[in-house]
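Chemist: Questions regarding the structure given below will be posed in turn.
The values are calculated or read from the model by the stated rules, or taken from the named source; none is laboratory data. For clarity, every value in this text was computed on a predicted model and none was experimentally measured. Heads up, the Cβs are rebuilt from the backbone with ideal geometry, glycines too, and the neighbour counts pull from every protein chain shown. The protein model used for the area step is the full one, side chains on, heavy atoms only, and it has no ligands, DNA or RNA in it. Shrake-Rupley method; radii C 1.70, N 1.55, O 1.52, S 1.80 Å.
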Amino acid sequence: MEELDLTELRHGTDLIKKGFARMQQGGVIMDVVTPDQAALAEEAGATAVMALERVPSDIRADGGVARMSHPELIEGIIDCTSIPVMAKARIGHAEEARVLEALGVDMVDESEVLTPADPFFHIDKRKFTIPFVCGCTSMGEAVRRIHEGAAMIRTKGEAGTGNVVCAVQHARLVKSEIEWLQQADESGIAGAIEDIANEFYRIEEASSLVDFELLATPFGDMDELSAGISSILDDIRTMGRLPVVTFSAGGIATPADAALLMQHGMDGIFVGSGIFKSEDPKTTADAIVLATHHFDDAAKVAEACAMMASPMPGLEIDDLEVRLEERGW
Amino acid sequence: MALNRRVEGRVALRCAMSIRIGLAMLQGARHEHAQAIAGAGEELGVEVEIKVLRTSSDLDGGIDALILPGGESTTMRIASRHQGLLESLYEWMNDDPQRPVLGTCAGAILMCSPPSGPPLLDAEISRNAWGRQAKSFQAPVAVFLDVEVVPPAVTTSVSTDSVHHPLVVSSDGLGDGETFPGVFIRAPRFSSIGTETTVVAEFDGEVVGILQAGRLALTFHPELTSDRRFHRWIISQATIRAAA
């Protein structure tokens, strides 16, 4: 973590960005598509809302290219809510992120739910004043995003399915890889650094020139990448967890789903389609907040489950035409 | 300020029990406060037990001091709806104004504007008054607060819950006599300060921390830095009261 400069006022430092994410811990962040839904989310106890035009299950059903939401929609939601407002930019689409920052969004989600804009590189998040949250399916992917400047990580899960299996898969894989890293010897760690760094060089595979070598990535050359990754792995080994706030996302549809992911050590929960695609969104929102706050108390989780009408309909992962978790790397 | 003075060499008060600090687990940066309290306890050589407060019955065993962490104050009010924790905390604070309480950011809002009943501090506060996240900032804050003498003791034990590893906070050397590293995140601002309060922290001529009886409210986040002065303060206050 960077040193605090006591002599001057500074905005957008690593500490301020990661500190924002820390204030979200133990919370539920809800996808909303209208100001009315944002008001309902705030009243239910959401710690932030994700402003977007369509929830992931509709994006999935509609197909086509999914882009950043219209500024008027985002501004309408910003104007009507007092809790933080997040919004999604496409993977690698720095210009969409810049627009969101200019609109006054509190945090950008560089999200696989939208159609990726850059096949080789994610956004250089260090260049922004506002913080970013990024998805991951594994520890290595999380480390790459943190190296790029992400202030918060969420599991990708499989958005818009109401099926929690991928969120659990990603939480378990991250945790298992961290446990392995903590007991790995020097050569094991060196290998992990190399494996994680090599992914930044995917553009080399796209060239038809046999001798082509990428001289430097937007995030440094191989030496700089290795040093940055090594330092993040040191933090992970010390803490026994990712060194930024880590939420679960992608498929959470019931209070029990939320409690399950909290039991997997997640710091909080994103609920996308799960609330406003359920039979009674208000009660679903209340119930998921209750279960997230009291994940450790089975009686409270049971109380939350009993509040529910029908959750959103779920989809089998094997039947999906598009796997959102495979976007990004 | 005397706040930054080391306490070794002073006459020690010895108390038999450890100090129990209640930590409201409603939502937000709770593990950071737990770590800061553990660190401050070690710096002071005081045995501190962190009592995690999730429901009103968690207060049954008694606490010597209370921390209201930062997070989203609206969420905290709603989080309390199902088990009445906030009501019990207000009751605990109202029973004796001298009871040591540290409220940071959202915690300060909960102290200045309770959902019902009288404010716990003679001050008015506005939420998110510096602007949205892009306007969040870090800057030096001038601190005017004394840390009192504290007794030596054994060890510090901290447990928040079984599945969440704490995020480690910066260990950089911070603090420079009268200044404190102020971290303001979508922070509130005091819109008026009554005569009952004492100013304990200022940024650029603006009041950012107040004290009234045992209650300390800060609009910034000392738990996000490794400067433990405010956490040493609350342990000291609790220790002195417990020994009296």
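Chemist: So for the range A:260-270 (the condition being surrounded by 24 or more Cβ atoms within 10 Å (Cβ to Cβ), touching a residue at least 60 places away in the same chain (Cβ under 8 Å) and in a helix (DSSP H, G or I)), does at least one residue qualify?
Modeler: Within the range A:260-270, one or more residues are surrounded by 24 or more Cβ atoms within 10 Å (Cβ to Cβ), touching a residue at least 60 places away in the same chain (Cβ under 8 Å) and in a helix (DSSP H, G or I).
Chemist: Examine the range B:6-17 for a residue that is at pLDDT 95 or above and of a type in the set (Val, Ile, Thr), and state whether such a residue exists. Before you say what the answer is, go through the steps one by one.
Modeler: Step one: list which residues in the range B:6-17 are at pLDDT 95 or above, which gives none.
The answer is no, given that none of the residues of the range B:6-17 is at pLDDT 95 or above and of a type in the set (Val, Ile, Thr).
Chemist: Provide a single number: the residues in the range A:49-93 that are out of contact with any strand residue (DSSP E or B) (no Cβ under 9 Å at 6 or more places or on another chain) and on the phi > 0 side of the Ramachandran plot.
Modeler: Residues in the range A:49-93 being out of contact with any strand residue (DSSP E or B) (no Cβ under 9 Å at 6 or more places or on another chain) and on the phi > 0 side of the Ramachandran plot: 2 in total.
Chemist: Restricting the first residue to the range A:203-214 and requiring it to be without any contact (Cβ under 8 Å) to a residue 24 or more places away in the chain, which pairs with a second residue that is not acidic (Asp, Glu) meet a Cβ separation below 6 Å and a spacing of at least six or different chains?
Modeler: A:204/A:214; A:214/A:201; A:214/A:203
Chemist: Mind telling me which of the residues A:46, A:21 ends up being at the interface with another protein chain (Cβ under 9 Å from one of its Cβ atoms), surrounded by 24 or more Cβ atoms within 10 Å (Cβ to Cβ), in contact (Cβ under 8 Å) with a residue 12 or more places away in the chain and in contact with a strand residue (DSSP E or B) (Cβ under 9 Å, 6 or more places away or on another chain)?
Modeler: Matching residue, one of A:46, A:21: A:46.
Chemist: Take the residues in the range A:101-135 that are out of contact with any Asp or Glu (no Cβ under 9 Å at 6 or more places or on another chain) and within 14 Å of chain B (Cβ to nearest Cβ), then tell me which one is surrounded by the fewest Cβ atoms within 10 Å (Cβ to Cβ).
Modeler: A:102
Chemist: Here is a follow-up. Among (1) β-branched (Val, Ile, Thr); (2) at pLDDT below 95; (3) assigned to a helix (DSSP H, G or I), where does residue A:322 come up short?
Modeler: Evaluating residue A:322 over (1) β-branched (Val, Ile, Thr); (2) at pLDDT below 95; (3) assigned to a helix (DSSP H, G or I) leaves (3) as the failure.
Chemist: Also, I was wondering about something else. Taking the range B:189-228 as the search range and keeping residues that are of a type in the set (Lys, Arg) and assigned to a strand (DSSP E or B), which one is most open to solvent (accessible area, probe 1.4 Å)?
Modeler: Taking the range B:189-228 first, the residues of a type in the set (Lys, Arg) are B:189, B:215, B:228.
So of that shortlist, the ones also assigned to a strand (DSSP E or B) come out as B:189, B:215.
Values: B:189: 73, B:215: 19 Å².
Ranking the candidates gives B:189 first.
Yes/no per residue for (1) at pLDDT below 95; (2) more than 7 Å from chain B (Cβ to nearest Cβ); (3) over 17 Å from residue A:273 (Cβ atoms):
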position	(1), (2), (3)
A:4	yes, no, yes
A:29	no, yes, no
A:42	no, no, yes
A:56	yes, yes, no
A:70	no, yes, yes
A:74	no, yes, yes
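Chemist: Residue check: is residue A:276 of a type outside the set (Val, Ile, Thr), more than 14 Å from chain B (Cβ to nearest Cβ) and surrounded by fewer than 24 Cβ atoms within 10 Å (Cβ to Cβ)?
Modeler: yes
Chemist: I would also like to ask the following. Take the residues of the range B:46-92 that are basic (Lys, Arg) and within 14 Å of chain A (Cβ to nearest Cβ): which is most open to solvent (accessible area, probe 1.4 Å)?
Modeler: Out of the qualifying residues, it is B:81.
Chemist: Here is a follow-up. Take residue A:291 and tell me if it is modelled with pLDDT of 95 or more, surrounded by 21 or more Cβ atoms within 10 Å (Cβ to Cβ) and in a loop (DSSP other than H, G, I, E, B). Write out each step before concluding.
Modeler: Details: modelled with pLDDT of 95 or more: yes; surrounded by 21 or more Cβ atoms within 10 Å (Cβ to Cβ): yes; in a loop (DSSP other than H, G, I, E, B): no.
No.
Chemist: Of the numbered conditions (1) touching a Leu at 6+ places or on another chain (Cβ under 6 Å); (2) modelled with pLDDT under 95, residue A:304 satisfies every one except a single condition; which is it?
Modeler: (2) is the only condition that residue A:304 fails.
Chemist: Given the criteria in contact with a helix residue (DSSP H, G or I) (Cβ under 6 Å, 6 or more places away or on another chain), acidic (Asp, Glu) and either free of Cβ contacts under 8 Å to residues at least 12 places away in the same chain or within 23 Å of residue A:171 (Cβ to Cβ) (or both), does residue A:141 qualify?
Modeler: On the way: in contact with a helix residue (DSSP H, G or I) (Cβ under 6 Å, 6 or more places away or on another chain): no; acidic (Asp, Glu): yes; either free of Cβ contacts under 8 Å to residues at least 12 places away in the same chain or within 23 Å of residue A:171 (Cβ to Cβ) (or both): yes.
Spelling it out, it is not the case that residue A:141 is in contact with a helix residue (DSSP H, G or I) (Cβ under 6 Å, 6 or more places away or on another chain), acidic (Asp, Glu) and either free of Cβ contacts under 8 Å to residues at least 12 places away in the same chain or within 23 Å of residue A:171 (Cβ to Cβ) (or both).
Chemist: Of all residues in the range A:214-238, which are open to solvent by 60 Å² or more (accessible area, probe 1.4 Å) and modelled with pLDDT under 95?
Modeler: Within the range A:214-238, A:215 is the sole residue that qualifies.
Chemist: Within 14 Å of chain B (Cβ to nearest Cβ) and not in a helix (DSSP H, G or I), is that true of residue A:247?
Modeler: Against the criterion (within 14 Å of chain B (Cβ to nearest Cβ) and not in a helix (DSSP H, G or I)), residue A:247 qualifies.
Chemist: State the number of residues belonging to the range A:59-91 that are farther than 21 Å from residue A:328 by Cα, in contact (Cβ under 8 Å) with a residue 12 or more places away in the chain and either assigned to a helix (DSSP H, G or I) or of a type in the set (A, V, I, L, M) (or both).
Modeler: Result for the range A:59-91: 11.
Chemist: Determine, yes or no, whether residue A:78 is open to solvent by 10 Å² or more (accessible area, probe 1.4 Å), farther than 19 Å from residue A:273 by Cβ and aliphatic (A, V, I, L, M).
Modeler: So residue A:78 fits the description; yes.
Chemist: I would also like to ask the following. Could you tell me whether the range A:179-187 includes any residue that is without any contact (Cβ under 8 Å) to a residue 24 or more places away in the chain and surrounded by 15 or more Cβ atoms within 10 Å (Cβ to Cβ)?
Modeler: yes
Chemist: For the subset of the range B:55-94 comprising residues that are at pLDDT 90 or above and charged (D, E, K, R), which member is nearest to residue B:234 (Cα to Cα)?
Modeler: Across the range B:55-94, the extreme among qualifying residues is B:64.
Chemist: Any residue at all in the range B:52-71 that's in a helix (DSSP H, G or I) and touching a residue at least 60 places away in the same chain (Cβ under 8 Å)?
Modeler: Here is the first cut: in the range B:52-71, the residues in a helix (DSSP H, G or I) are B:56-59.
So of that shortlist, the ones also touching a residue at least 60 places away in the same chain (Cβ under 8 Å) come out as none.
So far as the range B:52-71 goes, no, none of its residues is in a helix (DSSP H, G or I) and touching a residue at least 60 places away in the same chain (Cβ under 8 Å).
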